[in-house]
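A short write-up of the structure that comes next.
The values are calculated or read from the model by the stated rules, or taken from the named source; none is laboratory data. Just so it is clear, the model here is predicted, and its values are computed rather than measured. Methodologically, a virtual Cβ is constructed for each residue, glycine included, from the backbone with ideal geometry; neighbour enumeration extends over all protein chains shown.
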Amino acid sequence: MRGSDTKRQREKRQRLVDLLRKQGITDERLLDALNTVARHAFMPPELVDRAYENRAFPIGEDQTISQPFTVAYMTALLHVQPGDKILEVGTGSAYQAVLLAELGAIVHSIERQRKLYDRYKDFELLKRYPNLHCYYGDGYAGLPHEAPFDSILLTAAPPGIPVELGHQLKNGGVLVAPVGPAGMQRMLRLTKNVDGALTEEVFDKFSFVPMLPGKQ
């Protein structure tokens with residue numbers, strides 16, 4: 001990562017982290033990870049110079065790399081601890097997955113878009129994280145052979161929480177997802193109780209691409 005990480009890019013990244021702190025991201029471990037992971041490495045070449053703007057950008061296949069504040073906000077809701085087993089639905093650019101891995105989680109990330117999966121499966125930067133595992137598949141089905149998970153993170157918005165993903169969450173685990181139709185999505189955190197029921201917390205409004213079933 002550092003080989004292509006210039007002083008100017010590191011300075012931009014530090015300014016972005018300072019901005020996120022002012023916007024209410026207070027977890028210092030998370031802020032350190034955001035300052036370590038080079039977002040520009042996950043950007044299309046024509047957008048590398050804009051990598052540290054606090055906004056989302058297209059990465060192809062009608063997908064985006066999320067706004068840094070959004071990534072930080074969702075990650076903060078997970079309260080990631082080293083060794084946590086996390087299912088990420090929607091690998092996309094792999095930036096979020098690497099951030100979770102940088103925090104010490106064991107990350108299983110699934111992507112339904114074959115072109116995106118193929119683009120990043122051999123990405124040299126990902127190989128630096130032996131705790132990160134990527135899969136091509138249907139996010140609605142999750143990864144039952146790897147369940148249960150301490151946490152599940154959805155990086156696209158379903159109309160409701162997929163039942164199968166709830167089954168794959170361990171008791172006491174949390175699932176974070178933007179839920180609802182375009183323009184009406186709210187960030188939810190669901191905690192699985194010992195009886196299998198999910199307790200819901202509702203947070204801010206966000207805008208995400210829809211979570212679609214199947215593979216493409």
(request) Would you kindly identify the helices (runs of 4 or more DSSP H) lying entirely within segment 30-128 that contain at least 2 residues that are closer than 29 Å to G172 by Cα? (result) 68-78, 95-102
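Within segment 90-106, how many residues are among the hydrophobic types (A, V, I, L, M, F, W, C) and in contact with a Phe, Trp or Tyr (Cβ under 8 Å, 6 or more places away or on another chain)?
Looking only at that region, the number is 3.
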(message) For segment 129-160, give me the residue count where each residue is within 13 Å of the chain's Cα centre (by Cα) and either more than 14 Å from P210 (Cα to Cα) or in a strand (DSSP E or B) (or both).
(response) 7
(request) Can you run down the residue pairs with Cβ atoms below 8 Å, 6 or more apart or on separate chains, where the first is in segment 116-135 and under 19 Å from M43 (Cα atoms) and free of Cβ contacts under 8 Å to residues at least 60 places away in the same chain and the partner is aliphatic (A, V, I, L, M) and in a loop (DSSP other than H, G, I, E, B)? (result) Y120/A94; F123/A94; L126/A94; C134/A94
(request) Look through segment 91-118, keep the residues that are among the basic types (K, R) and surrounded by fewer than 17 Cβ atoms within 10 Å (Cβ to Cβ), and return whichever of them is modelled with the highest pLDDT. (result) R114
(request) Please specify each residue of segment 144-162 satisfying the condition of being farther than 22 Å from A72 by Cα and either surrounded by 22 or more Cβ atoms within 10 Å (Cβ to Cβ) or modelled with pLDDT under 95 (or both). (result) P159, G160, P162
